[in-house]
Amino acid sequence: MIEIRPFETLGRADHGWLKANHHFSFARYFDPERVNHGALRVWNDDEIAPNTGFPPHPHREMEIITYVRHGAITHEDNLGNRGRTEAGDVQVMSAGRGIRHAEYNFEDEPTTLFQIWIEPGVEGGTPSWGTKPFPRTQRAGEFVPLASGFEGDTEALPIRAEARVLGAALKAGETVEYRMGTRRHAYLVAAVGKIEVNGIVANSRDGVAITNETVVTVKAIDDSEVVLVDSP
């Protein structure tokens, strides 16, 4: 089953410095039909104004993946980690039993990103943070694991869940497949471009919720950049 969730129907929040679009219930936006999709709990499509950001705040028991689409984000936490993640890069924060962090856009232009939260497979654990570049050229024409809880995905950033976050860069007319179990949940968004998912058209930044499909076939109608989460 495939459900298209048009970008125009997402939850909205405009804080001036932050323009957020929520694929799932988040903060003051609540939709009982859109609370989660399997272990995927949050997918926020954010635009952060220059020289602003999220001040220090806590998290626990969540795997938080940030996919930067344009600009850059700078992370700081109470463990002493600090790093800048720019467009084409991904960062992962495993909140574990508790972490306090801040995220700032120190750039002179807006930063746009997807922030994805996945519920961990086990509770507790030491919190951690990491970032890694994933050049679009390395994702050309295929899905590449960006963050993963599976041992075989050695090049991906590790998360503490039986889940994957994957990315693909497709030229118009190209097709890519991803095989998944029927008891799994997939959620897919084209950061750029119009696509077809198993023959159903989705526009840029639409959400595509997928269940009970053994194969997910994505065809690019335009040059496209696709992010997919596969979770239990």
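The values are calculated or read from the model by the stated rules, or taken from the named source; none is laboratory data. Please read these numbers as outputs of a predicted model, since none were measured by experiment. Neighbour counts run over all protein chains shown; Cβ positions are idealised from the backbone, glycine included. To get the accessible areas, we keep the full protein, side chains included, count just its heavy atoms, and leave off ligands, DNA and RNA. Shrake-Rupley method; radii C 1.70, N 1.55, O 1.52, S 1.80 Å.
Just one of the listed residues (190, 161, 172) is in a strand (DSSP E or B) and either of a type in the set (Gly, Ala, Ser) or in contact with a Cys (Cβ under 7 Å, 6 or more places away or on another chain) (or both), and it is 190. It is to be established whether one or more residues within region 172-191 are among the hydroxyl-bearing types (Ser, Thr, Tyr) and surrounded by fewer than 16 Cβ atoms within 10 Å (Cβ to Cβ). Looking through region 172-191, at least one residue is among the hydroxyl-bearing types (Ser, Thr, Tyr) and surrounded by fewer than 16 Cβ atoms within 10 Å (Cβ to Cβ).
Can you tell me how many residues in region 78-99 are more than 18 Å from residue 111 (Cβ to Cβ) and either surrounded by 20 or more Cβ atoms within 10 Å (Cβ to Cβ) or of a type in the set (D, E, K, R) (or both)? Residues that pass the stated criteria total 5.
Table: residues versus (1) more than 18 Å from the chain's Cα centre (by Cα); (2) among the charged types (D, E, K, R); (3) closer than 16 Å to residue 40 by Cβ.
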site	(1), (2), (3)
165	no, no, yes
169	no, no, no
174	yes, yes, no
190	no, no, no
204	no, no, no
213	yes, yes, yes
227	no, no, yes
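Here residue 150 does not fit the description of being out of contact with any His (no Cβ under 9 Å at 6 or more places or on another chain) and over 17 Å from residue 229 (Cβ atoms). Exactly one residue among 79, 113 is modelled with pLDDT of 95 or more and part of a loop (DSSP other than H, G, I, E, B), and that residue is 79.
Pairing residues of region 153-182 that are touching a residue at least 40 places away in the same chain (Cβ under 8 Å) and among the aromatic types (Phe, Trp, Tyr) with residues that are assigned to a loop (DSSP other than H, G, I, E, B) and open to solvent by less than 50 Å² (accessible area, probe 1.4 Å), at Cβ distances under 7 Å and at least 6 apart in sequence or on separate chains, gives 178/143.
For region 38-51, filtering for residues that are open to solvent by less than 20 Å² (accessible area, probe 1.4 Å) and part of a strand (DSSP E or B) leaves 7.
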